[in-house]
1. Right, residue A:242: surrounded by fewer than 21 Cβ atoms within 10 Å (Cβ to Cβ) and closer than 29 Å to residue A:52 by Cα or not?
2. Return the residue satisfying two criteria in turn: it lies in segment A:139-154 and is assigned to a strand (DSSP E or B) and among the hydroxyl-bearing types (Ser, Thr, Tyr), and of such residues it is surrounded by the most Cβ atoms within 10 Å (Cβ to Cβ).
3. Please count how many residues of segment A:366-384 are farther than 18 Å from residue A:425 by Cα and in contact with a helix residue (DSSP H, G or I) (Cβ under 6 Å, 6 or more places away or on another chain).
4. So, restricting to helices (runs of 4 or more DSSP H) that lie completely within segment A:403-470, which ones have at least 2 residues that are more than 42 Å from the chain's Cα centre (by Cα)?
5. Restricting the first residue to segment A:297-311 and requiring it to be without any contact (Cβ under 8 Å) to a residue 12 or more places away in the chain, which pairs with a second residue that is of a type in the set (A, V, I, L, M, F, W, C) and not in a helix (DSSP H, G or I) meet a Cβ separation below 6 Å and a spacing of at least six or different chains?
6. For segment A:267-289, which residues satisfy the criterion of being surrounded by fewer than 18 Cβ atoms within 10 Å (Cβ to Cβ) and without any contact (Cβ under 8 Å) to a residue 60 or more places away in the chain?
7. State which residue is nearest to RNA strand B (Cβ to nearest atom) when the search covers only segment A:240-264 and only residues that are closer than 13 Å to residue A:274 by Cα and touching a helix residue (DSSP H, G or I) at 6+ places or on another chain (Cβ under 6 Å).
8. Residues A:420, A:400: which one is modelled with pLDDT under 95, surrounded by 13 or more Cβ atoms within 10 Å (Cβ to Cβ) and in the same structural domain as residue A:374 (by TED's automatic domain parsing)?
Amino acid sequence: MDNQLVLYNTLTRKKEKFEPLHSPFVGMYVCGPTVYSDVHLGNCRTFVSFDLIFRYLQHLGYKVRYVRNITDAGHLEGDNDEGEDKFAKKAKLEKLEPMEIVQKYTLGFHEVLRLFNTLPPSIEPTATGHISEQIAMVQRIIEQGYAYVVNGTVYFDVEKYVKEYDYTILTNRKLEDMLNNTRELNGQDEKRGRLDFALWIKAKPEHIMRWPSPWGVGFPGWHIECSAMSSKYLGDQFDIHGGGMDLAATHHTNEIAQSQACNHTQPAKYWMHTNMLTVNGARMSKSAGNGFLPHELFSGNHPLLSRGYSPMAVRFFMLQAHYRSTLDFSNEALDAADKGFKRLMNAMALLPKLKATAKKAAFKVDELRQRCYAAMNDDFNSPVLIAELFEAVRIINSIHDGKLAVDEQSLADLKTLMQHFVHDILGLIDDNTGSDDFERLMEMIIALRNEAKLQKDYATSDRIREGLSAIGIQLKDSKEGTLWNKV
RNA sequence: GGUCGGGUGGCCGAGUGGCUAGGCAGAGGUCUGCAAAACCUUUUACAGCGGUUCGAAUCCGCUUCCGACCUCCA
């Protein structure tokens with residue numbers, strides 16, 4: 001754990017040395033999806049980014065407890081706690097029970113993240129499974145004097161809170177500005193302050209998802225679930241709290257307020273926020289309707305897409321940008337990433353075939369490894385890491401071509417390096433290989449072609465090559481024999 | 001309107017004061033029966049203007065354009 005990892009902390013707006021509260025244990029909480037519709041790609045980017053972080057922390061030897069919630073209750077349409085319940089609305093549309101909606105989209109979410117080769121979190125708690133914890137937390141906030149009850153709904157008292165705590169610590173906004181910019185609430189306003197938000201909401205008669213509470217039948221507010229579940233599984237104070245940047249201003253600001261009011265501690269030491277995925281420069285979002293669904297991207301079945309891209313190519317594409325930068329989506333950019341990814345995977349496939357050729361290698365694996373760690377230690381800079389790995393690709397290809405000397409130890413080190421950084425940390429695997437039968441079939445075809453070549457029957461050998469090319473299989477002749485890969 | 005973050009070569013995307021990532025695309029070469037792949041070499045940059053400095057893509061100021069948040073979204 002003696003490493004130089006630094007990460008950007010939204011709380012302080014600068015990079016800080018990573019020092020866990022209770023090393024080697026690390027607690028990390030990431031805000032998960034609200035499962036009332038298909039995950040779109042922007043969501044996936046956030047989860048891929050935190051997967052990279054999770055993987056790297058584990059690689060460094062930390063014992064990470066990664067908690068990522070499933071929001072399956074309490075999230076309302078629109079603002080001001082007066083909108084319709086998202087699950088109830090969707091349930092009506094699809095003529096299903098709200099929990100059927102939850103189940104359907106939770107399964108879909110898991111399937112997509114599996115395709116992206118993200119590791120499952122250590123704990124994946126649901127909001128509906130933690131109603132009593134949320135009620136207890138609301139109760140405690142009331143006891144501490146930071147919340148009030150109006151007609152069965154409990155509101156957080158921001159005005160009281162700001163007297164003792166910094167409400168805008170995460171975004172550095174000025175409170176007056178926020179007050180001036182908050183829209184007037186139309187009609188039946190129960191809140192005392194314009195910035196107050198609901199911790200527990202009284203259920204209207206038609207509301208389906210409802211639970212009894214000390215304040216009557218209702219359901220939890222959107223922000224309280226994360227505070228309740230993070231403190232349950234990670235303690236009142238833990239190391240990393242993450243989520244998309246769009247959550248910082250409202251959701252995370254309110255989470256901090258709730259936890260401070262309840263426990264009088266800042267819940268997380270480091271707050272990490274991932275940037276947005278954009279399409280033609282504009283944020284990909286559910287409401288803008290410019291989002292792709294993952295399966296549309298994989299199949300290419302979308303007006304904005306010229307073809308489909310494999311999940312691993314898309315993961316690679318995402319990791320080629322830093323998690324705090326916006327990433328713009330286009331066919332051109334995806335094509336470029338796809339080719340680069342295949343180049344990397346071809347080198348990975350070549351690696352086991354390499355043999356030591358000399359007593360001393362003509363390159364230094366140690367220096368390369370150090371640069372790889374330096375990249376990741378600098379706030380998980382995967383694009384720089386990938387640039388270093390392409391140096392390794394060049395080395396691997398040159399060894400294979402017989403143009404670069406390598407000794408046993410360097411070769412072994414190179415293999416370990418690639419295994420660690422490509423597979424374990426970046427989480428990239430070749431998703432385009434064939435089955436064993438397919439491999440044997442290709443061996444046979446290549447043998448037939450080589451026989452034809454030996455007999456200078458180029459008409460036949462070219463026919464085989466072109467025929468394979470037409471079905472997307474590329475042959476690569478070299479001194480070591482003929483290799484193939486899917487294009 | 002307020003707050004914040006950006007504008008890097010044909011495209012994507014790193015890089016915070018000098019040693020000018022990387023991928024894709026383009027050009028030339030080596031290899032090859034030819035090709036592909038691979039390898040080598042190579043062309044296009046730091047929005048504009050001014051300032052600080054021996055030296056700035058990198059720091060400061062102004063201008064301009066774009067985006068995010070402030071309202072559900074990762």
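1. Taking the combined requirement at face value, the residue does not satisfy it.
2. A:153
3. 0
4. Per the criteria, A:436-454, A:458-470.
5. A:302/A:292
6. A:278, A:280, A:281, A:282, A:287, A:288, A:289
7. Only one residue fits best here, namely A:244.
8. A:400
The values are calculated or read from the model by the stated rules, or taken from the named source; none is laboratory data. As the structure is a prediction and not an experimental result, all values here were calculated from the model. All Cβ positions, glycine included, derive from the backbone under ideal geometry; neighbour counts span all protein chains shown.
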